[in-house]
Amino acid sequence: MKGKQTILVVDDEAAIRDMVQLSLELAGFDCLQAANAREAMGRILDERPDLVLLDWMMPETSGYELLRRLRREEATAALPVIMLTAKVEEGNRVQGLEGGADDYVAKPFSPRELVARIRALLRRTAAVEEQEPLEFGGLRLDPLAHRVFAEGRALEMGPTEFRLLHFLMSHPERAYSRAQLLDNVWGANVYIDERTVDVHVRRLRKALEPAAPGATDFGEFIQTVRGTGYRFSAHTVRA
């Protein structure tokens, strides 16, 4: 049985890595460090951390570029990632989320808030993995394997999109507001703008697009309900 959960801290500033490591160890986590993207990728593949704290601005290969690589590769596509960033403008936050980040924390940050966000993300990830497979109209989600299949074809999507799809598929035909989706997918105590939901819905629909002409567009199963939010429906009638 696995013991402590392991967090990898990726930042080119040693002082920040050491400060974060101390906070995480006091909170009961094991901690690994990496000073750049190349070192981080090696540690991820060799030591399989449970979550990565990834600095956006690093020399040579940026954290954002590393994030996109993690999401492209099957072995790391589901790895939870929180971006550590001094980029606080909305456009930068959206870019990070669209690149596959599960959450972001702006520098300077409170170690207490960082630990709370890590725990919330790890709880959400664990909760999904305990569920039974779901299937509607040729779309199959397997929480244990962390895989989604469209008419037998394996799909690629980030962990947040996976959790969002899992929640919606678990409650078909029911409309949820953005605030309700934030509470159920991101966590009630995580303070993220409601527009974050729209970013991940766009990413989810893109991941569900057909690979060939004539194939089912499962992105249409994620329906916009005007004045409310979103719902999952295997029927094509829209609100």
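The values are calculated or read from the model by the stated rules, or taken from the named source; none is laboratory data. Just so you know, these numbers come straight off a predicted model, no measurement behind them. Cβ placement follows ideal geometry from the backbone for every residue including glycine, while neighbour counts extend to all protein chains displayed.
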Could you check, for region 162-170, whether at least one of its residues is part of a loop (DSSP other than H, G, I, E, B), in contact with a strand residue (DSSP E or B) (Cβ under 8 Å, 6 or more places away or on another chain) and not assigned by TED's automatic domain parsing to the domain that holds Pro80? no
The one condition in (1) surrounded by fewer than 20 Cβ atoms within 10 Å (Cβ to Cβ); (2) within 17 Å of Thr85 (Cα to Cα); (3) touching a residue at least 24 places away in the same chain (Cβ under 8 Å) that Ala15 fails to fulfil: (3)
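Conditions (1) in contact with a helix residue (DSSP H, G or I) (Cβ under 6 Å, 6 or more places away or on another chain); (2) of a type outside the set (Lys, Arg); (3) assigned to a loop (DSSP other than H, G, I, E, B); (4) at negative phi, marked per residue:
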site	(1), (2), (3), (4)
Leu32	yes, yes, no, yes
Arg38	no, no, no, yes
Arg43	no, no, no, yes
Met58	no, yes, yes, yes
Tyr64	no, yes, no, yes
Leu67	no, yes, no, yes
Ala75	no, yes, yes, yes
Met83	yes, yes, no, yes
Quick check on region 202-231: of everything there that is among the hydrophobic types (A, V, I, L, M, F, W, C) and within 16 Å of Thr160 (Cβ to Cβ), which residue is surrounded by the most Cβ atoms within 10 Å (Cβ to Cβ)? Leu204
Report yes if Leu53 is part of a strand (DSSP E or B), within 19 Å of Thr160 (Cβ to Cβ) and modelled with pLDDT under 90, otherwise no. no
Which residue is modelled with the lowest pLDDT, if the candidates are limited to region 1-50 and must be among the polar types (S, T, N, Q) and within 21 Å of Thr125 (Cα to Cα)? Gln5
Does Leu45 count as within 21 Å of the chain's Cα centre (by Cα), assigned by TED's automatic domain parsing to the domain that holds Arg119 and surrounded by fewer than 18 Cβ atoms within 10 Å (Cβ to Cβ)? yes
Can you tell me which of Met58, Met83 is of a type in the set (A, V, I, L, M), under 30 Å from Asp198 (Cα atoms) and more than 20 Å from the chain's Cα centre (by Cα)? Met58
